[in-house]
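Worksheet: one structure, shown below.
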Amino acid sequence: MKTLKDVKVNESCKVVKLYGEGATKRRIMDMGITKGVEILVRKVAPLGDPMELNIRGYELSVRKADAEQIEVE
């Protein structure tokens, strides 16, 4: 299983499944990360947290803990 955390800088991926429970999953979905959406990893901070993503035409930063809950292909 490959998660969003494993994607390298300047690589694109497609969301397959979201993990998590209740409010955490809802927050991820509210940010526009849903099944089937394309994500481009633009930057990763020097210590690996957070990641800057390009999704649905806007830039979004997510924590490593949240990125581990997003399965991609």
task = Return yes when VAL7 is among the aliphatic types (A, V, I, L, M) and touching a Leu at 6+ places or on another chain (Cβ under 8 Å) and no when it is not.
result = no
ask   = Within the set of pairs 6+ apart or on separate chains, which have a first residue in the range 18-47 that is on the phi > 0 side of the Ramachandran plot, a second that is of a type outside the set (Lys, Arg) and open to solvent by less than 40 Å² (accessible area, probe 1.4 Å), and C-beta atoms under 9 Å apart?
value = GLY20/ILE28; GLY20/ASP66; GLY20/ILE70; GLY32/ILE55; GLY32/LEU60; GLY36/VAL15
request  = Please determine, by comparing only the residues of the range 47-73 that are among the charged types (D, E, K, R) and touching a helix residue (DSSP H, G or I) at 6+ places or on another chain (Cβ under 9 Å), which one is nearest to ILE28 (Cα to Cα).
outcome  = ASP66
message = Checking the condition surrounded by 18 or more Cβ atoms within 10 Å (Cβ to Cβ), out of contact with any Phe, Trp or Tyr (no Cβ under 6 Å at 6 or more places or on another chain) and among the small types (Gly, Ala, Ser), which residue from ALA45, ALA23, ALA67 passes?
response = ALA67
request  = For the range 23-41, state whether one or more residues are touching a strand residue (DSSP E or B) at 6+ places or on another chain (Cβ under 6 Å), in a loop (DSSP other than H, G, I, E, B) and of a type in the set (D, E, K, R).
outcome  = yes
inquiry  = The conditions are (1) assigned to a strand (DSSP E or B); (2) surrounded by fewer than 11 Cβ atoms within 10 Å (Cβ to Cβ); (3) not hydroxyl-bearing (Ser, Thr, Tyr), and ASN10 fails exactly one of them. Which is it?
reply    = (1)
inquiry  = For the structure I just gave you, tell me whether VAL62 is β-branched (Val, Ile, Thr), open to solvent by 50 Å² or more (accessible area, probe 1.4 Å), within 18 Å of GLU11 (Cβ to Cβ) and out of contact with any Phe, Trp or Tyr (no Cβ under 6 Å at 6 or more places or on another chain).
reply    = no
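The values are calculated or read from the model by the stated rules, or taken from the named source; none is laboratory data. What you are looking at is a predicted structure, and each value in this text was computed from that prediction instead of being measured. As a convention, Cβ positions derive from the backbone with ideal geometry for all residues, glycine included, and neighbour counts pool all protein chains shown. For accessibility, only protein heavy atoms count, side chains too; no ligands or nucleic acids. Shrake-Rupley method; radii C 1.70, N 1.55, O 1.52, S 1.80 Å.
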